[in-house]
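Engineer: Sharing a structure with you now.
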Amino acid sequence: MTDKCYDIGTIQAFLDGELASEQTEVIARHVSACDGCAVLLAEAEEESAFAFSALEQEFNTLVPTQRLWTKINDSIEREKKSFWKPIFVFLRQPSTAAFASLIFVAVVSITLLSLKSDEPAKIATRNDAKIQNLIPVASTNLTKNAAISVAPSAPSLNPPVKREANFVNYNQNKEEVRPVKASLVQIESKARNSKTPVATPDAERITASDNVAGEESYLKTIASLTETVNERKDQTLTASSRFAFERDLAVTNDAIKKMKKEVQKNPNNEAAKQILRASYQNKIDLLSSVADKNELMASLK
Amino acid sequence: MTFRNTITRKISLTVFSLLCLAPFSFISAQIVEIKPKVVVAPAGQTVRVKRKNKKVVGGRETFAEKSIAVDAKVNISLCVSEGNLKITGWERNEIRAFVANGSKINLKVQQKSRQTNNPVWVMVTGSDPTDEKELSSEECLSGEEIELDVPRGAIVNVKGRTTETKIESVRKVDVKNIGGDISLNNIEQGIKAATYEGDVMVENSGGAITLETANGNIVAFDVAPSEIGDIFKTKTTSGAITLERIEHRQLEIGSNSGSIKFVGAFNGGGQYDFRTQNGTILLLIPEKSSCKINALYGFGKFNSEIKLNILTENNISRSQRLIASIGGGDANVNLTTYSGAIQIKKQ
């Protein structure tokens, strides 16, 4: 033990994850070497666990907590400061309103005149709009996945050659349009069925490097598990177990980050690679325990 | 005369007051008469003793009991929503289920043996005790005490919500609880046990063993494989793992923030993996062990009471590594931690 011991306040802050990552690292290293601080940490953990178990019922009740109120107030504030507010304020000025209404009348009259002069164009516009609506549906679902690895299927999303020919006579040639729609649905379902995970903040932060074999598969598993866990984390975990889960996850993420840096610095460092893989496995174990609990709870309903 | 009158009046008053007090004496006599019945069971039968201070459903205690003759190697599936579950293996080829102050019991035969026509797969389900209809729904059992006596050769599958589970003397167990401790004893041919809020304890058992808990401890002792290649796996996220006298040749032990303690000897040719994120790994082994240690400890530290023959040592900051042997180096022991300590001590 070389460093001096930490007081209970710092230990508690460490436990609550309130410290900067550098300080967390220093304390973690110190605690692993110092028996006195390890005892302090254990005591603090016990106290926290006791407090959480005592307050668990309070946490689980439907009475809005201070945190919830803060969230509500924040979102009200955000609502107030919405994008449209300054526009409405601008439009309320009499001169602006008059100018805007003049433009509106002009646009409407031009549109009416053009519609009268070119009747078939109306049909084309209407049907085109229908198909335009269809395409974004597929692409919207794909955009999430395309970011990771569905990119090769993206070009097939645009069947531009057939599009114009079919759209004009949509009402008459439904059969011709259907295959286009069907192909889009197929692409959509393929994208959904391909087990490529949706990008999550975690997955975005941690990207695979070429140095560690099999890292990509770890990341994919972690991303899909994270998605599953985040969906029902609040319902699945009690206050105390949520606390433990978040703490363990933070520690594991920190380890992954540092080991990745280490591997990037020295790609021949096999020890760092192994610790990195072990940390990935620990994260998977951590996430899968929550996902399994989810599954069990669902099966018992 | 006056004296006589006075005496007569006093006597009549006494008689009157005695008559008035008579009903009360009768009531008190009734109370005195209420005594617990002594049940004398015939030899060889279990006596169920009613416990005091029990929760009572609808103003009275309720008991449900059912039994069915089954095959010696029957599969039993059940789910428990709440209550203390106790499953015990016995010498009879019969399942007997008992629920105190809880649901009704339904023993549903899923499959019968072609040879003996005895049930080989039975589902134990429950239903609302106030429901007077036929038992048809496949609900979970619930009650204050749930007890099952099953053949020793039975395989038991349990799913539970919040259940304290105790299983003894059966062939194989697969138990999964959302919450509650799991205690397993004398399971012959394999265990799969998982709870998400509780401890898991295993003793005197054999076979392939997988133990998991999220926020709880794992304790296992006197455990051995029943077949070659049986693996012993344990996993906890924030609990401690304590293992004593584990005879398996392949161990995979992982804890995230909890510590791992292994007490016993390593088997020659065995593969032992111990992994933590920031928990301590403590090995209490005989001084004359024979194993090869491969320790990785990022920010952690390594310490051994037993003399090591160091083969490789790499003290690069954040990724420290040590490869060493003790004795002939027969077993492979992998120890990985990110910021925990690794300690090897003499047993």
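The values are calculated or read from the model by the stated rules, or taken from the named source; none is laboratory data. Quantities reported herein were computed from a predicted structural model and do not represent experimental measurements. Reconstructed Cβ throughout: ideal geometry from the backbone, glycine too, with neighbour counts over all protein chains shown.
Engineer: Can you tell me which residues in the stretch B:271-284 are within 14 Å of another protein chain (Cβ to nearest Cβ) and in a strand (DSSP E or B)?
Structural biologist: Correct list: B:D273, B:F274, B:R275, B:T276, B:I281, B:L282.
Engineer: With respect to the numbered conditions (1) within 12 Å of another protein chain (Cβ to nearest Cβ); (2) touching a Lys or Arg at 6+ places or on another chain (Cβ under 9 Å), which one is the sole condition not fulfilled by A:Y218?
Structural biologist: So A:Y218 meets the others, but not (1).
Engineer: Here's another thing I want to ask about it. So which residues in the stretch A:230-269 are closer than 17 Å to B:E197 by Cα and either β-branched (V, I, T) or assigned to a loop (DSSP other than H, G, I, E, B) (or both), if there are any at all?
Structural biologist: Passing the criteria: A:T236, A:L237, A:T238.
Engineer: A further question on this structure: Conditions: (1) in a strand (DSSP E or B); (2) buried (at least 21 other Cβ atoms within 10 Å of the Cβ). B:G216 meets all but one. Number of the miss?
Structural biologist: Tallying (1) in a strand (DSSP E or B); (2) buried (at least 21 other Cβ atoms within 10 Å of the Cβ), B:G216 fails exactly one: (1).
Engineer: In the set A:E22, A:E43, A:E56, which member is surrounded by 12 or more Cβ atoms within 10 Å (Cβ to Cβ) and at pLDDT 80 or above?
Structural biologist: Only one candidate passes the filter, namely A:E43.
Engineer: In the stretch B:53-63, is there at least one residue being buried (at least 20 other Cβ atoms within 10 Å of the Cβ) and either among the aliphatic types (A, V, I, L, M) or modelled with pLDDT of 90 or more (or both)?
Structural biologist: For the stretch B:53-63, residues buried (at least 20 other Cβ atoms within 10 Å of the Cβ) and either among the aliphatic types (A, V, I, L, M) or modelled with pLDDT of 90 or more (or both): absent.
Engineer: Would you please list the contacts, defined by Cβ atoms under 7 Å and residues six or more apart or on different chains, that run from a residue in the stretch A:252-269 that is facing chain B (nearest Cβ under 10 Å) to a residue that is acidic (D, E) and in a helix (DSSP H, G or I)?
Structural biologist: A:N269/A:E262
Engineer: Could you list, in sequence order, all residues of the stretch A:274-301 that are at pLDDT 85 or above, more than 19 Å from A:L225 (Cα to Cα) and surrounded by fewer than 21 Cβ atoms within 10 Å (Cβ to Cβ)?
Structural biologist: Once the filter is applied, which keeps residues that are at pLDDT 85 or above, more than 19 Å from A:L225 (Cα to Cα) and surrounded by fewer than 21 Cβ atoms within 10 Å (Cβ to Cβ), the stretch A:274-301 yields only A:Q274.
Engineer: Here's another thing I want to ask about it. Just the residues that are surrounded by fewer than 21 Cβ atoms within 10 Å (Cβ to Cβ) and away from every other protein chain (no Cβ under 11 Å), please, taken from the stretch B:241-260.
Structural biologist: If the condition is that a residue be surrounded by fewer than 21 Cβ atoms within 10 Å (Cβ to Cβ) and away from every other protein chain (no Cβ under 11 Å), then B:T242, B:E244, B:R245, B:E247, B:R249, B:Q250 are the ones that fit.
Engineer: Okay, moving on. Any idea which residue in the stretch B:229-240 is nearest to the other protein chains (Cβ to nearest Cβ), counting only those that are surrounded by fewer than 19 Cβ atoms within 10 Å (Cβ to Cβ) and not in a loop (DSSP other than H, G, I, E, B)?
Structural biologist: My answer is B:K233.
Engineer: Is at least one residue of the stretch B:262-280 surrounded by fewer than 17 Cβ atoms within 10 Å (Cβ to Cβ) and closer than 24 Å to B:M201 by Cα?
Structural biologist: Checking the stretch B:262-280: at least one residue is surrounded by fewer than 17 Cβ atoms within 10 Å (Cβ to Cβ) and closer than 24 Å to B:M201 by Cα.
Engineer: Scan the stretch A:271-301 for residues that are among the charged types (D, E, K, R), part of a helix (DSSP H, G or I), more than 8 Å from chain B (Cβ to nearest Cβ) and free of Cβ contacts under 8 Å to residues at least 60 places away in the same chain and jot them down.
Structural biologist: Answer for the stretch A:271-301, where residues must be among the charged types (D, E, K, R), part of a helix (DSSP H, G or I), more than 8 Å from chain B (Cβ to nearest Cβ) and free of Cβ contacts under 8 Å to residues at least 60 places away in the same chain: just A:E295.
Engineer: Take residues that are of a type outside the set (D, E) and surrounded by 18 or more Cβ atoms within 10 Å (Cβ to Cβ) and tell me which of the strands (runs of 3 or more DSSP E) falling wholly in the stretch B:285-347 contain 3 or more.
Structural biologist: Because the criterion is at least 3 residues that are of a type outside the set (D, E) and surrounded by 18 or more Cβ atoms within 10 Å (Cβ to Cβ), the strands (runs of 3 or more DSSP E) in the stretch B:285-347 that meet it are B:291-297, B:320-326, B:331-337, B:341-346.
Engineer: Right, here's the next one. A:S75: at pLDDT 70 or above and away from chain B (no Cβ under 14 Å), yes or no?
Structural biologist: It is true that A:S75 is at pLDDT 70 or above and away from chain B (no Cβ under 14 Å).
Engineer: Pairs under 6 Å by beta carbon, first residue more than 7 Å from chain A (Cβ to nearest Cβ) in the stretch B:332-343, partner crowded, with 24+ Cβ neighbours inside 10 Å and in a loop (DSSP other than H, G, I, E, B), six or more apart or different chains?
Structural biologist: Pairs that qualify, where the first residue is more than 7 Å from chain A (Cβ to nearest Cβ) and the partner is crowded, with 24+ Cβ neighbours inside 10 Å and in a loop (DSSP other than H, G, I, E, B), are B:T337/B:G300.
Engineer: Could you tell me which residue of the stretch B:126-169 is modelled with the lowest pLDDT, considering only residues that are within 17 Å of the chain's Cα centre (by Cα) and basic (K, R)?
Structural biologist: Among those that are within 17 Å of the chain's Cα centre (by Cα) and basic (K, R), it is B:R161.
Engineer: Here's a follow-up. Tell me which residues, restricted to the stretch B:236-282, are closer than 24 Å to A:S32 by Cα, of a type in the set (S, T, N, Q) and without any contact (Cβ under 8 Å) to a residue 60 or more places away in the chain.
Structural biologist: Correct list: B:T236, B:T237, B:S238, B:T242, B:S255, B:N256, B:S257.
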